[in-house]
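Have a look at the structure below before the remarks.
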Amino acid sequence: MSAKRLFPNFSFQDAPYNLQYYKPGHPETEISYMGCRTRVIGNNYDPTREISFGRGNLSFTSINLPRIAIKMKSVDLFFKELDRMLQLVSDQLMDSEKLGWEDTVGEVIKHGTLSIGFIGLAETLVALTGKHHGESEASQELGLKIIGHMREFCDKESKRLGLNFSLLATPAEGLSGRFVRMDKKKFGIIPGVTDRDYYTNSFHVPVYYKISAFKKLSLEAPYHALTNAGHISYIELDGDPTQNLDAFEKIVQHMAKVGIGYGSINHPVDRDPVCGFVGVIGDCCPRCGRSEGHAISEAKIEELRKLYPGMPVFRGVR
């Protein structure tokens, strides 16, 4: 059934950083990724309530990592500026502490999470080293150092303030485009950095880079353990997964093996405008047998309606 879904997503409860919270017989301790990737489970404020039920992310602010790399030009200066930016974001997330005397906020708020996110690790690495983490082991090592440093900061802030600061692999596609437009205007076209219409989402290996599904997952998996506020890794298939279920299953098994917390498999989806079939359509529709640009008879439509009750038919198209 998974291979028939539009975007089948898989949450891996037995990933070590998810399994540590699970208590058999207590569904509230199961990992549940909300929306695109948000994950809430650990609770520094009250470790007795490390659950997913009734909790959520209060706010998150994302850092434009490529801009820091472009401006600083060296790894040492990059980390100094990153530290400044991390503290700035932490202070911004804490602005809610400056409430008026008559304002009240329930204790329940302190069980939520405050997250620091990031965009464009791949372009950051290109700006600093000339290669992204899909191309170079050294770049992968630096990438893990950068994201590990950010996670360490979030953990320290959690202990210092007694709250739940966490690191988010930001899912905002719109922000990826907005950041690069701003940087392109400020810094110009930089090959491999600002020469596209978007920065690569979070820690992903760039979609334009040719790489096997298994290697991509292996490279991205270590970042899942570091981004405790949420993460996801995508695999793009170029055909119908129902025609190769063995390959589909092997991808899911590899996700589990390398430590992916939340994974998604995307594949092409077509829609027949006459019979409403949704799936991969080759030369002709598997449901009505129609080829593109051809019509089908009223008799065929009635036959299909008996086989598929409730089937939508767009009569003006056939």
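FYI, it's all coordinate maths here, none of it is from the lab. Since we're looking at a predicted model, the values are computed, not measured. Positions of Cβ are generated from backbone atoms using ideal geometry, with glycine treated the same way; all protein chains shown enter the neighbour counts.
Overview of results
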quantity: Ellipticity estimate at 222 nm from DSSP helix runs (n ≥ 4, -39,500 (n - 2.57)) divided over the chain, nearest 500; calculated: -12000 deg cm²/dmol
quantity: Set of lysines near LYS71 by C-alpha distance (under 25 Å), chain-local residues within fewer than 8 positions excluded; calculated: LYS80, LYS131, LYS145, LYS184, LYS185, LYS186
quantity: Residues THR124, THR170, sorted so that the one with the fewest Cβ neighbours within 10 Å comes first; calculated: THR170, THR124
quantity: Rounded to 5, the percent of DSSP beta bridges in the chain classed as antiparallel; calculated: 30
quantity: Qualifying chymotrypsin sites (Phe, Trp or Tyr not before Pro) in region 46-91, DSSP loop, other Cβ atoms within 10 Å at most 15; calculated: PHE53
quantity: Net charge of Cβ neighbours under 12 Å - reference ASP195; Lys, Arg +1; Asp, Glu -1; calculated: -1
quantity: Alpha-carbon Rg with Dmax, taken over the chain, Å; calculated: 23.3, 74
quantity: Qualifying aspartates and glutamates (Cα of each under 20 Å from Cα of LYS257; at least 8 residues distant if same chain); calculated: ASP14, GLU30, GLU220, GLU236, ASP246, GLU249
